[in-house]
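The values are calculated or read from the model by the stated rules, or taken from the named source; none is laboratory data. For clarity, every value in this text was computed on a predicted model and none was experimentally measured. Backbone-built Cβ (ideal geometry, glycine too); neighbour counts: all protein chains shown. Just so you know, the surface numbers come from the protein's heavy atoms only, side chains and all, with ligands and any DNA or RNA stripped out. Shrake-Rupley method; radii C 1.70, N 1.55, O 1.52, S 1.80 Å.
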Amino acid sequence: MLNLILFGPPGSGKGTQSEKLIEKYGLKHLSTGDLLRSQISQKTPLGLEAKSLMDKGQLVPDEVVIGMIHSALEANPQAKGFLFDGFPRTPAQAEALDKLLAMKGTSINMMLAMKVSEEELMRRLLRRGDTSGRSDDNNESVIRARIAEYHSKTAQVADYYRQFDKVVNVEGEGSIDQIFEALSKEIDAVAVQ
Ligand code: ADP
């Protein structure tokens with residue numbers, strides 16, 4: 001199996017690049033943001049709880065997202081591999097993911113960490129807020145809260161995978177195709193090993 005984590009701050013382009021990567025490598029896309037938004041649109045109790053946190057730019061509790069990923073892994077026994085997008089976002093989620101994958105006899109091959117400057121992130125998220133309809137994108141203070149959550153809780157997830165030498169940094173500014181090529185090059189380098 002090929003199991004990848006696409007990592008980076010909000011607005012770094014994970015969703016855009018995920019769509020292209022899953023197609024090229026035949027992976028199943030697991031985005032906790034998308035899974036949560038689907039719970040919200042179905043108005044489930046989990047969705048209602050998550051929405052109030054997401055609208056403030058805060059993280060949803062670890063147990064909630066770990067449970068969702070657990071179910072998604074179970075629901076896709078035939079997958080050739082997974083692309084994790086927006087997960088893990090805390091060291092506890094990373095440890096839980098390692099355990100879930102170990103139970104399936106597999107593991108994370110690499111974390112692709114996209115680097116984008118703070119000014120560029122802000123510009124992209126505000127622009128996305130004009131069209132995405134996402135309530136967490138059209139308010140500057142919510143965006144700042146998401147970036148703060150990233151620095152205080154999520155950035156450490158890269159340290160977790162760095163101890164296993166699994167992190168590769170990729171330039172996240174440039175054209176969509178340039179970034180996609182840079183990501184593909186890194187994946188091809190591990191996939192042939
Ligand atoms: P972005 O990467 O642009 O912030 P996402 O769609 O990945 O957007 O996530 C939107 C929101 O969903 C986050 O701000 C957070 O509240 C919640 N969320 C998504 N994934 C997780 C996760 N793994 N752990 C906790 N909260 C999450």
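How about the range 32-80: which of its residues are open to solvent by 80 Å² or more (accessible area, probe 1.4 Å), more than 29 Å from Gly105 (Cβ to Cβ) and among the polar types (S, T, N, Q)? Once the filter is applied, which keeps residues that are open to solvent by 80 Å² or more (accessible area, probe 1.4 Å), more than 29 Å from Gly105 (Cβ to Cβ) and among the polar types (S, T, N, Q), the range 32-80 yields Ser41, Gln42, Gln58. His29 passes every criterion in (1) open to solvent by less than 50 Å² (accessible area, probe 1.4 Å); (2) within 8 Å of the ligand (Cβ to nearest atom) apart from (2).
Screening the range 175-191 for residues that are surrounded by 14 or more Cβ atoms within 10 Å (Cβ to Cβ) and in contact with a helix residue (DSSP H, G or I) (Cβ under 9 Å, 6 or more places away or on another chain) and picking the one that is modelled with the lowest pLDDT gives Ala191. Screening the range 9-26 for residues that are over 17 Å from Met54 (Cβ atoms) and in contact with a Lys or Arg (Cβ under 9 Å, 6 or more places away or on another chain) and picking the one that is farthest from the ligand (Cβ to nearest atom) gives Gly26. Apart from one condition, Met1 fits all of (1) in contact with a strand residue (DSSP E or B) (Cβ under 8 Å, 6 or more places away or on another chain); (2) surrounded by 16 or more Cβ atoms within 10 Å (Cβ to Cβ); (3) hydrophobic (A, V, I, L, M, F, W, C); the exception is (2).
When the range 131-160 is limited to residues that are closer than 22 Å to Phe84 by Cβ and among the acidic types (Asp, Glu), the one that is modelled with the highest pLDDT turns out to be Asp159.
Suppose we filter Leu83, Leu121 for residues that are touching a strand residue (DSSP E or B) at 6+ places or on another chain (Cβ under 6 Å), over 24 Å from Glu49 (Cα atoms) and open to solvent by less than 20 Å² (accessible area, probe 1.4 Å); which single one remains?
Testing whether each residue is touching a strand residue (DSSP E or B) at 6+ places or on another chain (Cβ under 6 Å), over 24 Å from Glu49 (Cα atoms) and open to solvent by less than 20 Å² (accessible area, probe 1.4 Å) leaves just Leu83.
Condition (residue is of a type in the set (Asp, Glu) and either at pLDDT below 95 or in contact with a Gly (Cβ under 8 Å, 6 or more places away or on another chain) (or both)) applied to the range 85-93: is it met by at least one residue? Scanning the range 85-93 turns up at least one residue that is of a type in the set (Asp, Glu) and either at pLDDT below 95 or in contact with a Gly (Cβ under 8 Å, 6 or more places away or on another chain) (or both).
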